[in-house]
Amino acid sequence: MFRIVNNQAIINRFFDKRRCLEYFSQYLTQEQFNFLYEKWSSIDAFEVDKNNQKIILYEIKIRAEEYKNMNYALRLSPRIVEIYKEAPTLNFTTKLAIVWFSSNWEYYVEIKDFDQGNYYIDYSQNYKRYSINNLFKN
């Protein structure tokens, strides 16, 4: 959904790390290249803004619009927060992209700066992973 709204964004999991970084290497310093190479699977998306000569890193979250008025902060792992706090020291711009789904499956994307007021750090790291087989067990 985010890619439809921002057609310049690269969703990391859909691209080969080595080829993608080689293609954009002319816009990256060696430190930026190494950072993206090492953290590739932890970064949701990035965009190379060739006009303004900046690289934007996105953390993408999905939320239900019916809960928007409750002002729940987004839950992030300490590792993700560490990565997105380190990125500006290497001249990356960091953003938080929230895909809001309404009850009729329409959606819109809200993009915010990645700052402490938009999330909380979940130190419990109790992230459950479900396989499709476990969802339908009796």
- line: Subset of the stretch 23-73, residues part of a helix (DSSP H, G or I), of a type in the set (Gly, Ala, Ser) and within 14 Å of the chain's Cα centre (by Cα), comes to SER41, SER42
task: Please work out if GLU59 is in contact (Cβ under 8 Å) with a residue 12 or more places away in the chain, over 20 Å from PHE114 (Cα atoms) and charged (D, E, K, R).
output: no
statement: Taking first residues from the stretch 63-80 that are under 14 Å from TYR107 (Cβ atoms) and second residues anywhere that are among the hydroxyl-bearing types (Ser, Thr, Tyr) and modelled with pLDDT of 80 or more, the pairs with Cβ under 9 Å that are 6 or more apart or on different chains are ALA64/SER102; ALA64/SER103; GLU65/SER102; GLU65/SER103; GLU65/TYR107; GLU65/TYR108; GLU66/SER102; GLU66/SER103
message: Pairs needed: first member in the stretch 29-50, in contact (Cβ under 8 Å) with a residue 24 or more places away in the chain and among the polar types (S, T, N, Q); second member anywhere, surrounded by 14 or more Cβ atoms within 10 Å (Cβ to Cβ) and part of a loop (DSSP other than H, G, I, E, B); C-beta distance under 8 Å; at least 6 residues apart or different chains.
response: none
field: Hey, LYS112 in contact with a helix residue (DSSP H, G or I) (Cβ under 6 Å, 6 or more places away or on another chain) and among the charged types (D, E, K, R) or not
entry: yes
message: I'd like the residue in the stretch 110-120 that is modelled with pLDDT of 85 or more and surrounded by fewer than 16 Cβ atoms within 10 Å (Cβ to Cβ) and, out of all such residues, is nearest to LYS54 (Cα to Cα).
response: ASP113
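The values are calculated or read from the model by the stated rules, or taken from the named source; none is laboratory data. It should be emphasised that the depicted structure is a prediction, and the values quoted were computed from it without experimental measurement. As a convention, Cβ positions derive from the backbone with ideal geometry for all residues, glycine included, and neighbour counts pool all protein chains shown.
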